[in-house]
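Data first, discussion second: the structure below is written as structure tokens.
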Amino acid sequence: MQCVRDFARFKAEGRKISIVTAYDAWTARLVARSNVDAVLVGDSAAMVVHGHPTTVAATVGLMALHTRAVARSASGKFVIADLPFLSFRKGIPAAMNAVGTLVRSGAQAVKLEGVDGHEEVVERIVGSGVPTMGHVGLTPQSVNRFGGFRVQGRTDAEAEALRRQAHRLEDLGCFSIVLECVPAELAARITSELGIPTIGIGAGIGTDGQVLVLQDLWGVDTTHTPRFVRRYFDGDGALTCALNQFDADVKATRFPAPEESYT
Ligand code: KIV
């Protein structure tokens, strides 16, 4: 995927879109070598990298730092950066400063959660030429309102509200929308109604694409594994095994070997 226009093209062609998160240069380099379509510098960095219990700890400064690291190594990939908690809720000048910081850090697009109450901000970002991705359903920045990381849209009223929000984001000019933790049937319905692609996470098979947190996919963050995660690698096991082999080699004086030493 070279540019934002590919999102619309892929939906038109019925070609699914794959996105993973990355927060640093070395993981971005590996993603850049893969066939994955795009990279999300998610505010989940606050949890995955910094050990916070939720994403509300992320700041614009933190997101800019991770975005710069990713952008240096993710050559050829479309890089989307998350606008963190409250950064787009303090009025248009503050929101636009946050967007400017992320774009100057190397993001080609920004993502923001929800729509109610910040429609004007979305309109301004889009109108400023910055591709904007929406995010509805389980929007983790609202975890305290939801009372935990819970599936959204299970009641008729909630489902209607989600449909309305998704349509509103499309009308405001978003190029794509993340649907997080919503029933598969609802996600498929929203996907069929929208002209822009939906990217699911915990939203079933009927979306136009899927996004996963890289550390979940690699099995290197096994502290909490939601139902929607598929682990493609036992990263925890493989990395612990490597550490224990190093430890054993050091203690048995098998490391370093002569060829690993200088004359
Ligand atoms: O921050 C993040 O990683 C995200 C994805 C899970 C969609 O927003």
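Summary table
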quantity: Residues that are crowded, with 19+ Cβ neighbours inside 10 Å, within 16 Å of the ligand (Cβ to nearest atom), part of a loop (DSSP other than H, G, I, E, B) and not β-branched (Val, Ile, Thr), drawn from region 206-237; calculated: 208, 218, 221
quantity: Residues of region 68-92 classified as farther than 22 Å from residue 142 by Cβ and either within 10 Å of the ligand (Cβ to nearest atom) or not in a loop (DSSP other than H, G, I, E, B) (or both), total; calculated: 8
quantity: Residue satisfying all of: in region 183-205; assigned to a loop (DSSP other than H, G, I, E, B) and closer than 18 Å to residue 16 by Cβ; farthest from the ligand (Cβ to nearest atom) among these; calculated: 195
quantity: Residues that are open to solvent by less than 40 Å² (accessible area, probe 1.4 Å), within 19 Å of residue 112 (Cβ to Cβ) and part of a loop (DSSP other than H, G, I, E, B), drawn from region 23-67; calculated: 23, 42, 43, 44, 54, 58
quantity: Enumeration of residues in region 193-205 that are exposed (fewer than 12 other Cβ atoms within 10 Å of the Cβ) and among the small types (Gly, Ala, Ser); calculated: 195
quantity: Flag if residue 148 is more than 15 Å from the ligand (Cβ to nearest atom), open to solvent by 10 Å² or more (accessible area, probe 1.4 Å), assigned to a loop (DSSP other than H, G, I, E, B) and farther than 19 Å from residue 122 by Cα; calculated: yes
quantity: Residue list for region 162-180, restricted to those being within 16 Å of the ligand (Cβ to nearest atom) and more than 20 Å from residue 81 (Cα to Cα); calculated: 162, 165
quantity: Complete set of residues in region 85-130 that are touching a Lys or Arg at 6+ places or on another chain (Cβ under 8 Å) and under 16 Å from residue 40 (Cβ atoms); calculated: 105, 106
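The values are calculated or read from the model by the stated rules, or taken from the named source; none is laboratory data. Worth saying up front: this structure is predicted, and the values here are computed from it rather than measured. Cβ sites come from the backbone with ideal geometry, for glycine too, and all protein chains shown count toward neighbours. The accessibility values were calculated without ligands, DNA or RNA, using every heavy atom of the protein model including side chains. Shrake-Rupley method; radii C 1.70, N 1.55, O 1.52, S 1.80 Å.
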